[in-house]
Amino acid sequence: MKHIQADIVIVGAGGAGLRAAIAIAEIDPEIEIALISKVYPMRSHTCAAEGGAAGVKLSDDSLEMHFNDTVSGGDWLCDQDVVEYFVEQAPRELVQLEHWGCPWSREDDGSVAVRPFGGMKKKRTWFAADKSGFHILHTLFQTSLQFPSIKRYDEFFALDLLHEDGRARGVVAMEMRSGCFFHFSAASVIMATGGAGKIFPFTTNGAIKTGDGMAMAYRAGVPMKDMEFVQYHPTGLPGTGILLTEGCRGEGGVLVNKDGYRYLQDYDMGPETPLGEPVFKSMELGPRDRLSQAFWHEQKKGNTVPTAWGDCVLMDMRHLGAQRILERLPMVHELAVSYVGVDMITDPVPVRPVVHYMMGGIASNIEGETPMPGLFAIGETACGSLNGANRLGSNSLTELLVFGKRAAAGAAAFAAENDYPREAPALLAQAEAIVARVRGLLQKSEGNESVAGIRGEMMNSLEEGAGIYRDEEGTEIACKKIAELQARSAAIKVNDKSNVFNTDLQGLLELQNMLDAAECVAEASNARKESRGAHQRMDYVERDDENYLKHSMAYRQPGERPRIDWLDVTITRSQPGVRDYSGDKK
Amino acid sequence: MGTRQIELEVMRYNPEKDEAPWFQQYSVPCEEDWAILDALIYVKDNLDSTLSYRWSCHMMVCGSCGMTVNGEPHLTCKTFIRDLPDKVRVEPLENFPIERDLVVVLDDVMQKLQLAKPYIIRKDDPPPEDEEYPQSRAALKKFKQYTMCINCMLCYSACPQYGLSNDFIGPAALSLAHRYNLDSRDQGKAQRLDILADHDGVWECSFVGACSEACPKNVDPAAAIQQMKVDGTMEWWKQKFGLTGDKP
Amino acid sequence: MSRRPYVRPMSRTTWYMRNGRFKVYMLRELTSLLVGFYAFLVLFGLVALSAGSEAQWNDFLASQQGPEMIALHGFALLYFLFYQTFAWFNLAPKAMPVQLGEKKLPAHFIVIAHYVAWAVVSAFIFWLAGAI
C-alpha cells in the first residue's frame, strides 16, 4: 500500500470539491491538498445541472426575500442561520465565478442576466444558457489548474474513512487503473462526493452518483441527516430520465394533461396564469415537490398521456418561439429531439417526475463540520440544512460554492490547529483492514448473486416504498427489503479478477454504498410520521410541527436497523407558516 | 416498443491476460430508442460483467463515453441504434494507449489542457469582489462556442497529426486556449503564445478538419486553430516591431 | 501483474487509406508535388533566361508548348482549382470568421468575398501582363 501524506484530503472533485480546493490554495499555498476523485473532474455530475445558480442580483430583490423563499420552499425544515449566511454570500460567490471566466448569459447592457425559477419570488437565477452546471464545473476545474498545491488523484476510488480517537484522519483509496491501494493521511478530510440518486430506478443522476461519501461517513459512525427527503424533479424525459431544466418553465413553458388542461391550478397553485407570462411562485413556477405530487394525482385520476415509456404529462413550449428556445434552452432542445424524437419548437414534450436530488446527507452544520472532528461535508453529499424538506431549484449550485469555500476555511484552520503525527500505526492497521475487505471481495470465488440483480431490486423497492407518496406499510416493506438485500449482497461474486480498471469490483463497492444510503432513506421515511415538503405520507397527511419540526438523524448499527434520533431545527426569524403558491393571488 | 437484435463486436483487452486486444461478440436485444451505450450497459448487467468502459451522465455532457463505433469516434450515449446497421463494432478511442477493454489512457491530453493556461490571466486588477466585468452579448458570442468543449477527446482520436506524433498539443487544448484568448475579461494572450505558437502548437496542424467533424458539441476546433495561426502571426510581428509591451 | 497499456501504432505510410476524409486530405496535400514541379520549372526558365542566349530561352518556351505539356498544365490548373482554390476558399470562413454585433456573418458571404477578390486580382494581373 502506498502512503500519501497531505494536510487536507478532499474526496470528490465536482463543483463543491473544486471550490473548496481553490479556496484552500488561496488561503495558503503551503497547504498540501490531495484532491481524490473516482472520475476526472470534468466528468463530475455538476456538469449536468442546467438551469442556473441563485443569488440576489436585481434592485427589486432582497436577501430577505431569498431567505423567505428558501425557508418556505424547504417547508421550514431549513436551519435558518445557514440560510441567512447562504443568501448573504451567494451573490459574491457568483461574481467570483464571473471573475474566473464563467460564461454567464448577459443582458443587453452587458450585465449578467437572471431568470425566474420555481418557488422564487424574483428573478435571481444566474444562468449560462441551459448548461450552467457544466460551465460552472469547467470554470472551476480550469481555474484550479493554476494552483500547484492542488494535487489531483483522478480515477481513485475512495473506499473508507480513516479515523482515530473519533477524529477523521484520512481515507483509503484504490487507483482504478492499477488496482493499487493508497493510504491518504491528512489532518482534515472534506467529503464532496455528490448525491445518491442511483438508488432509485428512474433518475436524472449519472452513473457515478452512488452515495459513496455518505456511506463512508455512515460506516464511520457519522449520522445521516434528513435522508427521507428525496426530490423528484417534475420534468424529466421519459425513458432515460434526462432532466429538462426548470428554466423551461422559467422561460414560460407550461404543463398540460391529456386534455390540454393546465392541471396545476387544481393543486393549490392557481389561478391559471396567461400563456407566456409566468408569475413568480405560482402554477408552473411552484416548487418541485408540489409539481411532482400533482403529477401523481393526475396519474391516479387517469389524466396522464400514455407513451411508450409510461404515463406522462406534456410540457408545452411552442409559444416561446424558435429563437428564444434555441438561445436560452439549446441543450434541452437537442436532448428532447435525440432521446424522445420531439422538437419542442413545434410539439409539446412528454415529461414525468424523476428522482433528482437528495436533500439529506452527511449531517453537517453552517461551517460544513460534521459531528466527527476533522471531517467536513459539502455539496449534495452533505446535509447542511439549507434545503430543508424541499430544495428550491438553483439553490444547490450556489450552495456548493458558498459552503465549499466556508468548509475550506474550516478545514484549513482545523489542520493548522490540530497537529498530528505523520506515522500512525493504528491507522495503518485500519487501512490494512479496509484493503483486506476489498481484496476479499475480489478473491471470492463462490456466490450466486449479482450486482445488477441486487441493484435492480433495491431500486424498485425504494421506488415502491419510498417514492413520491409513502405510508407505514410501504416504508416498512422497503426497510425489510433493503436489509435483506444487504445480507444477500454478501453472496455476490465478482467475475472480473483483474487489477486493472475493474469496473465489476467498483460496481460491487458502489452497490454496497448505495445500500447504505438506501437503508437511511427507507428508515427515515418510515420514522417521520408527518407530511412535509418532499416527504408525503398518505397515513399522516398533515405537517406536524409539534413533533416533527426536527431533523432526522440516522446512525448505523451494524447488524441491526439504524437508530433514528431527532435534532432541533434552528429557527431565527421565520416561524412555520403556510406555503403559499398562488402567486399572492389568495 | 419493439426490440432489434444487434451483433456487438467489442474490443477486449485485459493487460494481465491478453498479449494484444481481440474482439468479442455479444448479441444484444436493443430497444428501438437505445444508444450504443445502452447496449454496453445491457452487456455489463446481463451478459458479461467483466467488460470495462467509462460512462456517467448519459446526456452528452460529461464526456466520459467516447469510443470508436464502426470506425468513427463517437459519444456512445449519442450514437443511436436506429442509425446503425445490425452489426456494430465498438473499439476504444484511437490514438490513445488502451488501458483495459474500452478504457484508454488520458494522461497526455490532461497535461495538454494544462499547457493551454485555461484560466483568466490579468495584467490589470479585476473589478472589486462584488462587481462583475461588463461583457456585451456580442463579446460573449465571440468565444461562447469554444466554451462548449466537454473534453471527450473525440477530436484527438480523429486527428491524424496527433496519431502520428503525440507531441502535438492538439485540438481541444488549443481551442481552450483560444477560448480564453477571445474572452474580453482575459489579458493573457501573450503568455499563451509561447507554447501554442511553438512547432508542437498550432503549426503542427495541417487542417485535416477531422476534429471538427468528430466534435459532438460543434466546438469546431479546426477553426479555432486556424484563427490562432492568424493571431499568432500577427502577435509575432507585433512583438518583432515592439508594438506590444509583452515579452516575445 | 498490473498495468500494460497497449499502443495501437498508426502506420506512417498508409494511415490515410483509413477513410474517405483522409484520402481527400491527402489529395489536397499532393498539390505540393505540383507546387514543387512549378518551382523547378520557374528555376529552369530563370536559368535559361540568365544564360543570356536567346536560343536557350526560346527552346525553353518551345518545350512548354507541346501537347503533353499543355495537357499537364491543364491538369495542374484543374487540380489546383479543386484542391486549393475551392477547398481553401470554402474553409476561409473558419479561419477568418466575421462577427457583426451578436451575429456571425454567414459563411457564404466570406466565401463569395474571396472569389470576388480572386477575380479582381486576376484581372489586375491580366491588365499588368497586357500593359507590359
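Please treat every number below as a calculation from the coordinates, not as lab data. For clarity, every value in this text was computed on a predicted model and none was experimentally measured. Don't worry about glycine lacking a Cβ; one is built from the backbone with ideal geometry, like all the others, and counts go over all protein chains shown.
If we sort A:359-366, B:110-117 on the protection proxy, mean other Cβ atoms within 10 Å, highest first, what's the order?
Most protected by this proxy first, the peptides run A:359-366, B:110-117.
Taking springs between alpha-carbon atoms closer than 10 angstrom, which of B:Pro97, B:Pro160, B:Pro85 fluctuates most in the Gaussian network model of chain B?
Fluctuation is largest for B:Pro85.
Among DSSP beta bridges lying fully in the protein assembly as shown, give the percent that are antiparallel, nearest 5.
70 percent
Take every Cα-Cα distance within the stretch A:234-353, group them into 10 Å bins from 0 onward, and report for each bin the whole-number percent of pairs it holds.
Going out from 0 Å in 10 Å bins, the stretch A:234-353 shows 15, 51, 32, 3 percent.
³J(HN,Hα) across the stretch B:9-21 via Karplus (A = 6.51, B = -1.76, C = 1.60, θ = phi - 60°), whole Hz, x for Gly/Pro?
10, 10, 6, 10, 7, 10, x, 8, 10, 9, 5, 8, x
What does the structure give for A:334-342 when I average, per residue, the other chain Cβ atoms found within 10 Å of the residue Cβ?
Partner Cβ neighbours, averaged per residue: 3.
Whole number please: convex hull volume per residue, Cα atoms of chain B, in Å³.
Spread over its residues, the Cα hull of chain B gives 161 Å³ apiece.
Fewest to most neighbouring Cβ within 10 Å: what's the order for C:Phe82, B:Phe96?
C:Phe82, B:Phe96
Taking the square root of 5 times each eigenvalue of the Cα gyration tensor, what semi-axes in Å does the equivalent ellipsoid of chain A have, largest first?
They are 36, 27, 23 Å, listed from largest to smallest.
Long-range amide H contacts for A:Leu77: which residues qualify at under 5 Å (H placed 1.01 Å from N, peptide plane, sequence gap of 5 or more or a different chain)?
Long-range HN contacts for A:Leu77: A:Ala389.
Residue by residue through B:137-144, how many Cβ atoms from other chains fall within 10 Å of the Cβ on average?
6
Which value, to two decimals, describes the C-alpha radius of gyration of the stretch B:3-104 once divided by 2.2 N^0.38 Å?
0.99
Which residue fluctuates the most in chain B, going by a Gaussian network model with Cα springs under 10 Å, if the choices are B:Thr147, B:Thr50, B:Thr76?
Taking springs between Cα atoms under 10 Å, the residue moving most is B:Thr50.
Cα-Cα pairs above 20 Å in the stretch A:481-566: how many percent?
49 percent
Would you mind checking which residues have amide H under 5 Å from A:Tyr153's amide H? H placed 1.01 Å from N; only 5 or more apart, or other chain.
A:Leu35, A:Ile36, A:Ser37
Taking θ as phi - 60°, what are the ³J(HN,Hα) couplings along the stretch C:64-76 by the Karplus curve (6.51, -1.76, 1.60), each to the nearest whole Hz, with x for Gly and Pro?
Couplings: 8, 10, x, x, 4, 5, 4, 4, 4, 5, x, 4, 4 Hz.
Within 10 Å of each Cβ in peptide A:132-142, how many partner chain Cβ atoms are there on average? Round it to a whole number, please.
Rounded to a whole number, the mean comes out at 4.
Output the relative contact order of the stretch A:318-374, whole-number percent, from Cα pairs under 8 angstrom with separation of 6+ residues.
The value is 24 percent.
Could you pull out every residue, at least 5 positions away or on a different chain, whose amide H is within less than 5 Å of the one on B:Arg12? Hs are placed 1.01 Å off N in the peptide plane, and Pro or chain starts have none.
Long-range HN contacts for B:Arg12: B:Trp22, B:Phe23, B:Gln24.
Using Cα-Cα distances under 8 Å and only pairs 6 or more residues apart, what relative contact order does chain A have, in percent?
Rounded, it is 22 percent for chain A.
With no solvent and one point per C-alpha, what does the Debye sum give as log10 I(q)/I(0) for the stretch A:116-169 at q = 0.13, 0.20, 0.23, 0.27 Å⁻¹?
Calculated log10 I(q)/I(0) at the listed q: -0.68, -0.88, -0.96, -1.09.
In chain B, what cysteines have no partner Cβ closer than 4.7 Å?
When partners are defined as cysteine Cβ atoms under 4.7 Å apart, chain B leaves B:Cys30, B:Cys65, B:Cys77, B:Cys149, B:Cys152, B:Cys159, B:Cys205, B:Cys215 without one.
Over the residues of the stretch C:12-65, compute the C-alpha Rg and express it relative to 2.2 N^0.38 Å.
1.78
In debye, nearest 20: dipole of the stretch A:234-353 around its Cα centre with unit charges on the Cβ of K, R (+) and D, E (-)?
Value, rounded to 20: 180 debye.
Counting only C-alpha contacts under 8 Å and six or more residues apart, can you give the relative contact order of the stretch A:382-532 as a whole percent?
Relative contact order of the stretch A:382-532: 25 percent.
Over all distinct Cα pairs, what is the inverse of the mean 1/r for the stretch A:262-312, reported as the Kirkwood hydrodynamic radius in Å?
By the Kirkwood definition, the hydrodynamic radius is 11.6 Å.
In vacuum, with every alpha carbon of chain C counted as one equal point scatterer, what does the Debye formula give for log10 I(q)/I(0) at q = 0.11, 0.19, 0.21 Å⁻¹? Two decimals, please.
-0.70, -1.23, -1.30
How do C:Phe89, A:Phe141 rank when sorted from fewest to most other Cβ atoms within 10 Å of their own Cβ?
Ordered by Cβ neighbours within 10 Å, fewest first: C:Phe89, A:Phe141.
What ³J(HN,Hα) values, in whole Hz, does the Karplus curve 6.51 cos²θ - 1.76 cosθ + 1.60 give for the stretch B:178-183 when θ = phi - 60°, with x put for Gly and Pro?
These are the phi-based 3J(HN,Hα) values: 5, 4, 6, 4, 8, 6 Hz.
At a 10 Å Cβ-Cβ cut-off, how would you order C:Tyr38, A:Tyr420, A:Tyr232, fewest neighbours first?
The order, fewest Cβ neighbours first, is C:Tyr38, A:Tyr420, A:Tyr232.
At q = 0.16 Å⁻¹, what is the log10 ratio I(q)/I(0) for the stretch C:84-132, with the Debye formula run over Cα points and no solvent?
Relative scattering, expressed as log10 I(q)/I(0), comes to -0.54.
For the stretch A:429-544, state the average projected area of the convex hull of the C-alpha atoms over all orientations, rounded to one decimal in nm².
Taking a quarter of the hull surface, the average projection is 8.6 nm².
Could you tell me the convex hull volume per residue, in Å³, taken over the Cα atoms of the stretch A:1-151?
Once divided by residue count, the hull of the stretch A:1-151 is 136 Å³.
For the stretch B:134-240, compute Rh as the Kirkwood radius over C-alpha pairs and then the Stokes-Einstein diffusion coefficient at 20 °C and 1.002 mPa s; write the answer in µm²/s, rounded to an integer.
Translational D for this selection: 153 µm²/s.
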